1. In cubic angstrom, how much convex hull volume per residue do the alpha carbon atoms of segment 312-433 span?
2. Once a ≥ b ≥ c are taken as the square roots of the eigenvalues of the Cα gyration tensor of segment 221-348, is the result rounded (a/c under 1.5), prolate (a/b larger than b/c) or oblate (a/b not larger than b/c)?
3. Hey, can you rank 397-406, 4-13, 261-270 by average C-beta count inside 10 Å, highest first?
4. Of the listed pairs 243/330; 6/267; 6/280; 11/275; 5/275; 277/476, which have alpha-carbon separations greater than 20 Å here?
5. Which FRET efficiency, nearest 0.05, do residue 238 and residue 278 yield, Cβ-Cβ r, R0 60 Å?
6. Kirkwood Rh over alpha-carbon pairs of segment 361-446, then Stokes-Einstein at 25 °C and 0.890 mPa s: what D in µm² s⁻¹, rounded to an integer?
7. Roughly how many nanometres apart are two label points built 7 Å out from the Cα toward the Cβ at residue 44 and residue 291?
8. Mind jotting down the distance between the C-alpha centroids of segment 29-47 and segment 66-96, whole Å?
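Derivation of every value follows stated rules applied to the coordinates shown; laboratory data play no part. As the structure is a computational prediction, the values presented were derived from the model and not from experiment. For neighbour counting, all protein chains shown are included, and Cβ atoms are generated from backbone atoms with ideal geometry for every residue, glycine included.
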Amino acid sequence: MKINKKLLPIKVHYFLRYAGAAPLVMLLPLIVRSKGLSPQTVGVLWTVMPMVGLIANSICGMLADYFKAYRTIFLASITSLTVGLVAMYWIPELPVAAQASEETFNLTLVGNATLSSSAFLANSSTLALELAGVDPEMTVGEGQAAPLALPPGKGTSGIPEETESVASFLHYPQFWIIVLALLLEQMGITICIMMSDSVCFQILGSERHLYGRQRLWGTIGMGVMAIVSGALVDIYSQGLPQKDYLPAIISCIVLMSADILVVARMKIPYSSDEKLKMGKVGNSLVHPEVLLFLMTVYVMGASLGIVWIFKLMLVEDVALAWNSDFPALKLLQGLVLGIETFGGEVPFFFLSGVIIERLGYTGVLIVSVLSTGLRCSLYYTVSNPWCFLPIELLNGLSYSVFHSVMGAYASHIAPPGAQATVQSVFRSTFYVGLSTAGFLGGLLYNTQGGSIAFLKVGVFDLIYVLVFILLHFLVKKYCIAGEASCVALQDDAKQNDPVNRVPEMEKLFLEKKPQEASGSMSRIHEDTKNECVRFIV
């Protein structure tokens, strides 16, 4: 088997970046909460921080294209991500957390599952999800997650209750150090994801359909190291009053340092003659077909965000309704994540290029929204918790293929020299959808219940597919046809442009036919006047 050396560095980057950051990013809400912040405060931070990341993402995308500083911004984002994650470990606890007794560090997992689970396999594979079922695709793949708070009255004596507001922590210096570390982490991860995909498409060139085969190595790295780090943390923490994440910290430092070396030596192709022109970027983005695509990206961001935040919470609710003493809850959660990652995500990242070539950008987008709607609707029908496992195979179509087509389409429409800028626009739109998911999903889950909430999301997505097809048909029929007419009119006008007909007059004068040249000038004058009238009409 021949190895493509041109694509090897980007594959290695994806593997190292996701393997190094995944364990700590998934554990980050839990680590922040263990510092003494209330669940409500953690939720507020995870609502505000992504907005900061979005702003930094948009600015850095334009700067990278304008100054051709792809490597500099790329390396800075990896460094910022690493520093933010590692620094969080050494930030001192707030006084209220330091007073907690040994028993209080067994945090309740949205009801009754605790960090001190006895099943080693489940603990090592789902330790990162202990806070409230935070899904790795969102926290690692997309850079944000809205942690779920404990139900009222379920707080522990050493951790502030859910009702304690953010204002009560503002006078602690540790709180502001935590905010600073989160800022570094959030800006780092959003910019790094954007730069990774932008550089990947620049390396691929016209073979942008092969993006999924590069990105799948990130999923492999994330899945492997999440399990390994979880096991190491469990082993290292034996006999300690709380979980000690030092093994995850060490693995993060080693792998992210290796990633920095890889990116520093990576060949990033670009043309210094291709200047960033915001006018061209704007013209590309305001096209009706592109706007429809962006609207669908937002819908998918909101839908996938609800799945990522609330899915494991639903799994737990259904399992406990099926059997109040369900013995394999942690094992079931680990299998859910394993199947959706290695059974759905990895193979469909590999096949995404073939699927995009066969169906086209629009066809793939329709399939992704359709599969997401079907997935959410099927969640509603589950009464036996083990039935969640086959449904998770749909994650390949609903996430992997969508993620690939989103990046490939952004690369396709990007004007020369504006890859990072257009990628940042599409990423920002997706992040806005994710930010919406926490609020909308929480409202639906608390008022309607988990199963009904997912049913409504699924039905909305299925209806949106019909709306999208109708709007796409109208755009193709009227907007594209109108543009074709405009192009034909412009070509016709160019042919009748006096400037383009000057050579005709010069030829007549050289052939000593001044009268015909004079007549040609009169015809040009008349044709120009007619063109002006036709243009006005």
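1. 108 Å³
2. Oblate, since a/c reaches 1.5 and b/c is not below a/b.
3. Highest mean packing first, the order is 397-406, 4-13, 261-270.
4. Going by Cα-Cα distance, 6/280; 11/275; 5/275; 277/476 fall outside the 20 Å limit.
5. With a Förster radius of 60 Å, E is 0.60.
6. Rounded, D is 166 µm²/s.
7. The two pseudo-label positions are separated by 3.8 nm.
8. 19 Å
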